[in-house]
Amino acid sequence: MNCLSHDKRIHDAVCLLERNTSLKCYAGVVAYNTVMSRLGEMGHWMGVLKLLTDMIKRGVMPNTRTFNIVIRSLCFRRKFSIAKSLASNQGFAANVVTYNTLIYFVFYYSRKLSEVKDLIFDMTAVRIAPDEVTYTIIVDGLCRDGFFDTATSYFLESLEIGLSRDLFAVLTNRLAHNGKIWETIHIFKGMEEKGFIPDNSIFDLTIRIFCRAGYCHDTDMFKLNFVLDTMLGKQ
């Protein structure tokens, strides 16, 4: 099934699934997931939904990966309302990957912060905690749209689950390339208030990011020095 799905013979793979009972060859959830994933990548969201219905009728129970494939397929074709309805269905085994997928596509295609906030509320309502990926999607998207203060707030909120240097790098890189070097001081103060004292790795990472953004030239060096002095507690 995997070979058919990745050898431009996806139609044969679908036909094989549809005929598996008559051929006395009973496909399992892995086979369905493989074909549905490929269909989703090709943009055939209706084919994905058809196979989902078909597997349930045949007594093959979808797993979390199945549902996430369906969500991604719908989002890929911008069928956000259908995807969100499925995710909120009680019979749908949603997890953090489900919501990360929804948040990513809603943020990057519809670009509506209100809908993103609704999704975050929905996931916390069903006791699914945001993870590092969730916060990275949100912070990067907010920075891209110019909401740097809100992005910083979400970064500081993410410290509740621990400090992610990758997320710190995403935020700092966006700030550096948008002339927002002074905002990093607020980040450092917020980190300290939450018990995260910037260490050498954060120090080195900050220097590299701002130097790559051009702040190591004579005209802007004083700005970087001020920020670094603040990090070291000299200000």
Exercise. In nm, to one decimal, how far is the modelled label at residue 78 from the one at residue 121, with both set 7 Å along Cα→Cβ?
Worked result: 2.5 nm
For this session: Subtracting the Cα-Cα distance from 0.36 nm times the residue separation, let me have the gained length for residue 169 to residue 85 in nm, one decimal.
Result: 26.8 nm
Exercise. To the nearest 0.05, how large is the calculated FRET efficiency for residue 113 and residue 203 if R₀ is 41 Å and r is the Cβ-Cβ distance?
Worked result: 0.80
For this session: Give the distance, in whole Å, between the Cα centre of the stretch 141-196 and the Cα centre of the stretch 57-84.
Result: 33 Å
Seminar exercise, completed: Protection proxy (average C-beta count within 10 Å per residue), highest first, orders 139-152, 185-198, 28-41 as 28-41, 139-152, 185-198
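FYI, it's all coordinate maths here, none of it is from the lab. Small disclaimer: the values here were computed from a predicted structure and weren't measured. Don't worry about glycine lacking a Cβ; one is built from the backbone with ideal geometry, like all the others, and counts go over all protein chains shown.
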